[in-house]
Amino acid sequence: MIPYNRQSISNSDIELIKKTLKKTIITRGDNLVKFEKAIKNYVNCKYTVGFNSASSALTSACFGLNISKNDIVWTVPNSFVASANCALHFGAKIDFVDIDKEYKNIDIDYLEQKLIKAKKQNKLPKLLISVHFAGQATFQEKIYKLSKKFGFKILEDASHSLGAKRFDQFVGSSKWSDATVFSFHPIKTITSAEGGMVCTNNYSIYKRIILFRNNGITKNPSEFIKKNEGNWYYEQIYLGHNYHLNEIECALGLSQVKQINSFVKKRNSIANFYDKNMRDCGFKLPKIEKENLSSHHLYAINIDTNKINKNFFFKYMSKRGINLNVHYIPIHLHPFYKKLNFKKGDFPNSEWHYDTAISLPIYVGLKINDQKKIINIIKKFVE
Ligand SMILES: Cc1ncc(COP(=O)(O)O)c(C=O)c1O
């Protein structure tokens, strides 16, 4: 089967993992420090903190941003559930902003209108979590401008977008936000098997999330509330979790950092090949905004459901050895979120996208002959 996405592991990745396994310290060691530093240097931000997933990094970032009970947090429905769950863990009230049909990212006009309405009702969000869908940055500078006007904080969920750019800024620089989160799940730009990272330029967020990752524990005497009782002493000052990345995961992540640019280049060339060869298939192909470099985590097309039955298309492709996928089931339509009073029809663009979206295979190891095969099978199906 040709998968829709998968990791790419090199011999040098394997060598660094082997070396790490022979070390005395296999968690919370210098691979973590090096991995955090490498991402910090790559994206050009002040602080980075590694986590064992983007989900835990998002939750920790919410803690870093002081999200608490009844705070209002907005995100988009067109994302993985972790983009919204992270705020619910602190008792926040979640709401959604619909996407635009062109880029499938947050709709800036819709956002502005919703903010104007919320201001009148005294229900402005404390935090907006913007999601860079499929590897394409949002109009982050516009969101930032609105955040200054309406007074909310911004967390970028850039799980898909390591290596992507907006203007001359790498996603992660957090130039237009308070913090950014990456995922290192196997199918993302680079992998640490599981993993995530928070990037920020804000020292107070950085300090809070470091402790949150470590069960809220500090070993720094200057932060102790009570008297230092000796060299063994530590204090728990927050309620946190064990969200650490181990040294083996960090070895893989660290080794992969060197390959970010080549991975993004390869994903772009695959996307360009689809663009060129599927122009006449009657699909809406992904559109990249002119000021963006996409990391092309996904290649999501939209089909005409009057002409194509999505389920049938899936089965047809699967029978011919090609695995497709769909991104995303709108978050507000999951049973858990329906219990929070969201319903079908609330966010029509995200729902339209779900009804029509199909993610085609895109990954570094996808061979040109396999891609040609995929395109030929799709063309035959369309005919
Ligand atoms: C947009 C988005 N946010 C968050 C996550 C969670 O990432 P992780 O699997 O690293 O927890 C994902 C994972 O697919 C994602 O796509």
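Read-outs throughout are calculated quantities, based only on the coordinates presented, and are distinct from any laboratory measurement. Keep in mind the model is a prediction, meaning the values are calculated, not measured. Counting neighbours? That spans all protein chains shown, and the Cβs are built from the backbone with ideal geometry, glycine included.
Determine, for 294, 12, the number of other Cβ atoms within 10 Å of each Cβ, and report the residues in order from fewest to most. Intermediate values should be presented prior to the final figure.
Values: 294 28, 12 12.
Lowest to highest Cβ neighbour count: 12, 294.
If you run the Gaussian network model on the chain, springs between alpha carbon atoms under 10 Å, then out of 310, 207, 276 the most flexible one is 276.
Determine the sum of side-chain charges near residue 239: Lys and Arg each +1, Asp and Glu each -1, restricted to other residues whose C-beta is under 15 angstrom from that of residue 239. Display every interim value, and only then the final one.
Working: positive: 69, 208, 213; negative: 235.
Here the charged neighbours net out to +2.
Annotation for residue 66 and residue 224: the two label points, set 7 Å from Cα along the Cα-Cβ direction, are 2.7 nm apart. Provide the net charge surrounding residue 191, with neighbours chosen by a C-beta distance below 10 Å and charges set as Lys +1, Arg +1, Asp -1, Glu -1. With Lys, Arg at +1 and Asp, Glu at -1, the neighbours total -1. Where does the charge balance sit around residue 123 when Lys and Arg score +1, Asp and Glu -1, over other residues with C-beta under 13 Å from its C-beta? Taking every Cβ under 13 Å from that of residue 123, the sum is +4. Roughly how many whole Å is it from the C-alpha centroid of region 1-63 to that of region 220-289? A separation of 7 Å, based on Cα centres. So what's the angle, to the nearest 10 degrees on a 0 to 90 scale, between helix 140-150 and the longest Cα principal axis of the chain? Its long axis makes an angle of about 60 degrees. Sorting the segments 112-118, 51-57 by their mean number of nearby beta carbons within 10 angstrom, highest to lowest, gives 51-57, 112-118. From the square roots a ≥ b ≥ c of the eigenvalues of the alpha-carbon gyration tensor of the chain, which class results: rounded (a/c under 1.5), prolate (a/b over b/c), or oblate? It is oblate, given that a/c is not under 1.5 and a/b is not larger than b/c.
Sort 121-133, 312-324 by packing, meaning the average of other beta carbons within 10 Å per residue, with the highest value first.
Working: 121-133: 21.2, 312-324: 15.3.
Packing proxy ranking, top to bottom: 121-133, 312-324.
Our summary gives the chain a relative contact order of 23 percent, counting only alpha carbon pairs under 8 angstrom and 6 or more residues apart.
Rounded to the nearest 0.05, the FRET efficiency derived from the C-beta distance between residue 207 and residue 265 at R0 = 41 Å is 0.65.
Say R0 is 51 Å: what FRET efficiency, to the nearest 0.05, do residue 287 and residue 12 get from their beta-carbon distance? After rounding, the FRET efficiency stands at 0.90. Of 218, 356, 59, the residue with the greatest mean-square motion in the GNM of the chain, using alpha carbon springs below 10 Å, is 218.
To the nearest 20 debye, what charge dipole does region 11-257 have about its Cα centre, counting +1 at the Cβ of each Lys and Arg and -1 at the Cβ of each Asp and Glu? Walk me through the numbers on the way to the answer.
On the way: 34 positive and 23 negative charges, 130 e Å.
For region 11-257, the charge dipole is close to 620 debye.
Summarising the label geometry, the points placed 7 Å from Cα in the beta-carbon direction at residue 304 and residue 33 lie 6.0 nm from one another. The label-point distance for residue 338 and residue 352, in a model that sets each label 7 Å from Cα toward Cβ, rounds to 2.3 nm. Note the angle between two axes, namely the Cα long axis of helix 247-257 and the longest principal axis of the Cα atoms of the chain, as a number of degrees from 0 to 90, rounded to the nearest 10. The answer is roughly 50 degrees. Extension gain for residue 217-residue 280 works out to 16.9 nm (0.36 nm per residue, less the C-alpha to C-alpha distance).
The peptide list 245-254, 196-205, 38-47, put in order of mean Cβ contacts within 10 Å with the highest first, becomes 245-254, 196-205, 38-47.
Taking 0.36 nm per residue of separation and subtracting the Cα-Cα distance, what length does fully extending residue 113 through residue 367 add?
Numbers: separation 254, 0.36 × 254 = 91.44 nm, distance 4.52 nm.
Gain in length upon complete extension: 86.9 nm.
Exposure proxy shown here: for 227, 165, the number of other Cβ atoms within 10 Å sets the order, fewest to most, as 227, 165. The residue among 131, 215, 4 whose Cα reaches farthest toward the positive pole of the charge dipole of the chain, with charges on the beta-carbon of Lys, Arg, Asp and Glu, is 4.
The fewest-to-most ranking of 109, 95, 355 by surrounding Cβ atoms within 10 Å reads 109, 355, 95.
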